[in-house]
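Enquirer: Take this structure first; my questions come after.
The values are calculated or read from the model by the stated rules, or taken from the named source; none is laboratory data. All values reported here derive from a predicted model rather than from experimental measurement. Counting neighbours? That spans all protein chains shown, and the Cβs are built from the backbone with ideal geometry, glycine included. Side chains included, ligands, DNA and RNA excluded: accessible areas come from the protein's heavy atoms. Shrake-Rupley method; radii C 1.70, N 1.55, O 1.52, S 1.80 Å.
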Amino acid sequence: LAYSLVSILITGTSIVMIVWKNQELYRRTEVSPLKRGTINMGKLLALALFTVMTWFILVVAYFFLSGKFAFDIQLVLYLANSFVFAFMALWLSFLIGTLLKSRNAISAASNVLSLGPSFISGVFVPQELLGQNVLSIAKFTPTYWYVTANNMIDAMKETSSETIMQIFSNTAVVFGFGVAFLIISFVLGRRRQFT
(Lines give C-alpha, C1' and ligand atoms only; values in the text may rest on other atoms or scores of the structure.)
Protein backbone atom coordinates (compact mmCIF):
# COMPACT_ATOMS: atom_id res chain seq x y z
CA LEU A 1 0.00 0.00 0.00
CA ALA A 2 2.82 2.43 0.82
CA TYR A 3 4.44 2.11 -2.60
CA SER A 4 1.14 2.21 -4.49
CA LEU A 5 -0.26 5.22 -2.65
CA VAL A 6 2.84 7.36 -3.06
CA SER A 7 3.28 6.42 -6.71
CA ILE A 8 -0.36 7.00 -7.70
CA LEU A 9 -0.75 10.22 -5.74
CA ILE A 10 2.49 11.80 -6.95
CA THR A 11 1.61 10.99 -10.54
CA GLY A 12 -2.00 12.17 -10.31
CA THR A 13 -1.46 15.26 -8.18
CA SER A 14 1.63 16.45 -10.04
CA ILE A 15 -0.22 16.39 -13.35
CA VAL A 16 -2.98 18.54 -11.87
CA MET A 17 -0.45 20.93 -10.35
CA ILE A 18 1.43 21.31 -13.64
CA VAL A 19 -1.81 21.97 -15.52
CA TRP A 20 -2.61 24.73 -13.01
CA LYS A 21 0.76 26.34 -13.79
CA ASN A 22 -0.35 26.92 -17.39
CA GLN A 23 -0.12 30.67 -17.97
CA GLU A 24 -3.36 30.88 -19.94
CA LEU A 25 -5.33 28.97 -17.28
CA TYR A 26 -3.77 31.13 -14.56
CA ARG A 27 -4.82 34.33 -16.37
CA ARG A 28 -8.37 33.02 -16.83
CA THR A 29 -8.74 32.27 -13.15
CA GLU A 30 -7.28 35.66 -12.22
CA VAL A 31 -9.96 37.55 -14.16
CA SER A 32 -12.79 35.33 -12.91
CA PRO A 33 -15.06 36.63 -10.11
CA LEU A 34 -13.83 33.84 -7.81
CA LYS A 35 -11.30 34.73 -5.14
CA ARG A 36 -7.89 33.07 -5.25
CA GLY A 37 -8.55 31.46 -1.86
CA THR A 38 -11.77 29.89 -3.16
CA ILE A 39 -9.97 28.50 -6.20
CA ASN A 40 -7.13 27.10 -4.07
CA MET A 41 -9.60 25.57 -1.61
CA GLY A 42 -11.45 23.91 -4.49
CA LYS A 43 -8.19 22.54 -5.82
CA LEU A 44 -7.22 21.17 -2.41
CA LEU A 45 -10.64 19.60 -1.88
CA ALA A 46 -10.50 17.94 -5.30
CA LEU A 47 -7.05 16.53 -4.53
CA ALA A 48 -8.28 15.34 -1.11
CA LEU A 49 -11.22 13.59 -2.79
CA PHE A 50 -8.79 11.97 -5.26
CA THR A 51 -6.70 10.80 -2.28
CA VAL A 52 -9.67 9.32 -0.43
CA MET A 53 -10.88 7.54 -3.57
CA THR A 54 -7.39 6.14 -4.24
CA TRP A 55 -7.06 4.96 -0.64
CA PHE A 56 -10.52 3.40 -0.70
CA ILE A 57 -9.90 1.54 -3.98
CA LEU A 58 -6.59 0.15 -2.67
CA VAL A 59 -8.21 -0.96 0.61
CA VAL A 60 -11.05 -2.68 -1.27
CA ALA A 61 -8.44 -4.35 -3.50
CA TYR A 62 -6.70 -5.63 -0.34
CA PHE A 63 -9.93 -7.16 0.96
CA PHE A 64 -10.69 -8.66 -2.41
CA LEU A 65 -7.21 -10.18 -2.86
CA SER A 66 -6.69 -11.38 0.71
CA GLY A 67 -10.20 -12.66 1.35
CA LYS A 68 -9.98 -11.45 4.97
CA PHE A 69 -13.05 -9.61 6.17
CA ALA A 70 -12.63 -9.88 9.96
CA PHE A 71 -13.34 -6.46 11.49
CA ASP A 72 -11.30 -6.04 14.67
CA ILE A 73 -9.12 -3.47 16.44
CA GLN A 74 -6.07 -4.41 14.36
CA LEU A 75 -7.94 -3.74 11.13
CA VAL A 76 -9.13 -0.37 12.44
CA LEU A 77 -5.55 0.56 13.37
CA TYR A 78 -4.25 -0.57 9.96
CA LEU A 79 -6.90 1.51 8.20
CA ALA A 80 -6.24 4.58 10.36
CA ASN A 81 -2.49 4.29 9.81
CA SER A 82 -2.90 3.91 6.04
CA PHE A 83 -5.37 6.81 5.90
CA VAL A 84 -2.89 9.15 7.59
CA PHE A 85 -0.18 7.85 5.26
CA ALA A 86 -2.42 8.58 2.27
CA PHE A 87 -2.73 12.24 3.25
CA MET A 88 1.00 12.46 3.93
CA ALA A 89 1.49 11.14 0.37
CA LEU A 90 -0.96 13.78 -0.90
CA TRP A 91 0.96 16.57 0.81
CA LEU A 92 4.26 15.16 -0.47
CA SER A 93 2.84 15.03 -3.98
CA PHE A 94 1.54 18.60 -3.54
CA LEU A 95 5.12 19.65 -2.74
CA ILE A 96 6.49 17.75 -5.73
CA GLY A 97 3.85 19.33 -7.96
CA THR A 98 4.90 22.75 -6.69
CA LEU A 99 8.56 22.05 -7.52
CA LEU A 100 8.18 20.33 -10.91
CA LYS A 101 7.94 22.33 -14.10
CA SER A 102 7.44 19.66 -16.77
CA ARG A 103 5.42 16.49 -17.21
CA ASN A 104 8.55 14.54 -18.13
CA ALA A 105 9.88 14.86 -14.58
CA ILE A 106 6.74 13.40 -12.98
CA SER A 107 7.60 9.78 -13.77
CA ALA A 108 11.14 10.13 -12.43
CA ALA A 109 9.98 11.84 -9.23
CA SER A 110 7.26 9.25 -8.72
CA ASN A 111 9.69 6.36 -9.10
CA VAL A 112 12.39 7.82 -6.86
CA LEU A 113 10.04 8.93 -4.08
CA SER A 114 7.98 5.74 -4.04
CA LEU A 115 10.58 3.04 -4.72
CA GLY A 116 13.51 4.52 -2.77
CA PRO A 117 11.85 4.74 0.65
CA SER A 118 10.02 1.46 0.05
CA PHE A 119 13.31 -0.40 -0.38
CA ILE A 120 15.06 1.07 2.66
CA SER A 121 12.09 1.31 5.03
CA GLY A 122 10.79 -2.25 5.09
CA VAL A 123 8.02 -2.27 2.50
CA PHE A 124 9.65 -4.77 0.14
CA VAL A 125 12.17 -6.30 2.57
CA PRO A 126 11.23 -6.77 6.26
CA GLN A 127 12.92 -4.30 8.60
CA GLU A 128 14.49 -7.17 10.56
CA LEU A 129 16.57 -8.10 7.50
CA LEU A 130 17.80 -4.57 6.85
CA GLY A 131 21.07 -3.35 8.33
CA GLN A 132 21.17 -0.80 11.13
CA ASN A 133 22.79 1.81 8.87
CA VAL A 134 20.01 1.45 6.30
CA LEU A 135 17.35 1.77 9.00
CA SER A 136 19.09 4.86 10.40
CA ILE A 137 18.77 6.50 6.98
CA ALA A 138 15.20 5.21 6.59
CA LYS A 139 14.14 7.01 9.78
CA PHE A 140 14.28 10.24 7.76
CA THR A 141 11.40 8.99 5.59
CA PRO A 142 7.72 8.78 6.57
CA THR A 143 7.53 5.30 5.05
CA TYR A 144 9.76 3.94 7.83
CA TRP A 145 7.37 5.17 10.52
CA TYR A 146 4.36 3.86 8.62
CA VAL A 147 5.92 0.39 8.34
CA THR A 148 7.03 0.47 12.00
CA ALA A 149 3.47 1.23 13.08
CA ASN A 150 2.17 -1.61 10.89
CA ASN A 151 4.72 -4.00 12.43
CA MET A 152 3.54 -2.98 15.91
CA ILE A 153 -0.08 -3.55 14.90
CA ASP A 154 0.83 -6.96 13.51
CA ALA A 155 2.71 -7.96 16.68
CA MET A 156 -0.07 -6.71 18.97
CA LYS A 157 -1.28 -9.60 21.12
CA GLU A 158 -3.55 -7.63 23.42
CA THR A 159 -5.09 -4.19 23.24
CA SER A 160 -3.39 -2.00 25.79
CA SER A 161 -3.34 1.77 25.93
CA GLU A 162 0.48 1.74 25.97
CA THR A 163 0.70 -0.26 22.73
CA ILE A 164 -1.92 1.88 21.01
CA MET A 165 -0.08 5.05 22.11
CA GLN A 166 3.16 3.70 20.61
CA ILE A 167 1.34 2.97 17.35
CA PHE A 168 -0.25 6.43 17.36
CA SER A 169 3.13 8.06 18.06
CA ASN A 170 4.53 6.48 14.88
CA THR A 171 1.42 7.55 12.96
CA ALA A 172 1.85 11.06 14.39
CA VAL A 173 5.38 11.18 12.97
CA VAL A 174 3.95 10.31 9.54
CA PHE A 175 1.37 13.08 9.99
CA GLY A 176 4.15 15.49 11.03
CA PHE A 177 6.05 14.71 7.83
CA GLY A 178 2.89 15.47 5.86
CA VAL A 179 2.32 18.81 7.60
CA ALA A 180 5.95 19.76 6.97
CA PHE A 181 5.56 18.92 3.25
CA LEU A 182 2.39 21.00 3.09
CA ILE A 183 3.97 24.03 4.79
CA ILE A 184 7.04 23.87 2.54
CA SER A 185 4.84 23.64 -0.56
CA PHE A 186 2.83 26.71 0.50
CA VAL A 187 6.00 28.69 1.24
CA LEU A 188 7.58 27.73 -2.08
CA GLY A 189 4.33 28.37 -3.94
CA ARG A 190 4.04 31.87 -2.48
CA ARG A 191 7.68 32.64 -3.21
CA ARG A 192 7.31 31.55 -6.86
CA GLN A 193 4.10 33.53 -7.13
CA PHE A 194 5.78 36.79 -6.15
CA THR A 195 8.95 36.30 -8.21
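Enquirer: Tell me, which residue of segment 164-173 that is among the β-branched types (V, I, T) and more than 17 Å from the chain's Cα centre (by Cα) is least open to solvent (accessible area, probe 1.4 Å)?
Expert: I167
Enquirer: Across segment 66-75, which residue is least open to solvent (accessible area, probe 1.4 Å) among those that are more than 11 Å from I167 (Cβ to Cβ) and part of a helix (DSSP H, G or I)? Before the answer, list the steps.
Expert: Step one: list which residues in segment 66-75 are more than 11 Å from I167 (Cβ to Cβ), which gives 66-72, 75.
Applying the additional criterion that residues be part of a helix (DSSP H, G or I) yields 66, 75.
Working: S66: 47, L75: 19 Å².
Filtering segment 66-75 for residues that are more than 11 Å from I167 (Cβ to Cβ) and part of a helix (DSSP H, G or I), the one least open to solvent (accessible area, probe 1.4 Å) comes out as L75.
Enquirer: From the list G189, G122, G176, which residue is on the phi > 0 side of the Ramachandran plot, under 20 Å from the mean Cα position of the chain (by Cα) and either among the small types (G, A, S) or surrounded by 14 or more Cβ atoms within 10 Å (Cβ to Cβ) (or both)?
Expert: Numbers: G189 fails: on the phi > 0 side of the Ramachandran plot; G176 fails: on the phi > 0 side of the Ramachandran plot.
Answer to the check: G122.
Enquirer: Okay, next question. Please specify each residue of segment 152-173 satisfying the condition of being modelled with pLDDT of 85 or more and either polar (S, T, N, Q) or at positive phi (or both).
Expert: T163, Q166, S169, N170, T171
Enquirer: Filter segment 125-163 for residues that are crowded, with 22+ Cβ neighbours inside 10 Å, within 23 Å of T11 (Cα to Cα) and not aliphatic (A, V, I, L, M) and give the result.
Expert: Result: P142, T143, Y144, W145, Y146.
Enquirer: Further, regarding this structure: May I ask you to say which residue of A46, A105, A89 is closer than 28 Å to V187 by Cα, among the aliphatic types (A, V, I, L, M), open to solvent by 40 Å² or more (accessible area, probe 1.4 Å) and part of a helix (DSSP H, G or I)?
Expert: A46
Enquirer: Which residue out of L99, L115, L79 is in contact (Cβ under 8 Å) with a residue 12 or more places away in the chain, closer than 20 Å to L188 by Cα, aliphatic (A, V, I, L, M) and surrounded by 11 or more Cβ atoms within 10 Å (Cβ to Cβ)? Steps first, answer last, please.
Expert: Numbers: L115 fails: closer than 20 Å to L188 by Cα; L79 fails: closer than 20 Å to L188 by Cα.
Every option except L99 fails the conditions.
Enquirer: Anything in segment 1-46 that is modelled with pLDDT under 80 and among the aliphatic types (A, V, I, L, M)? List them, or say none.
Expert: Result: L25, V31, L34, I39.
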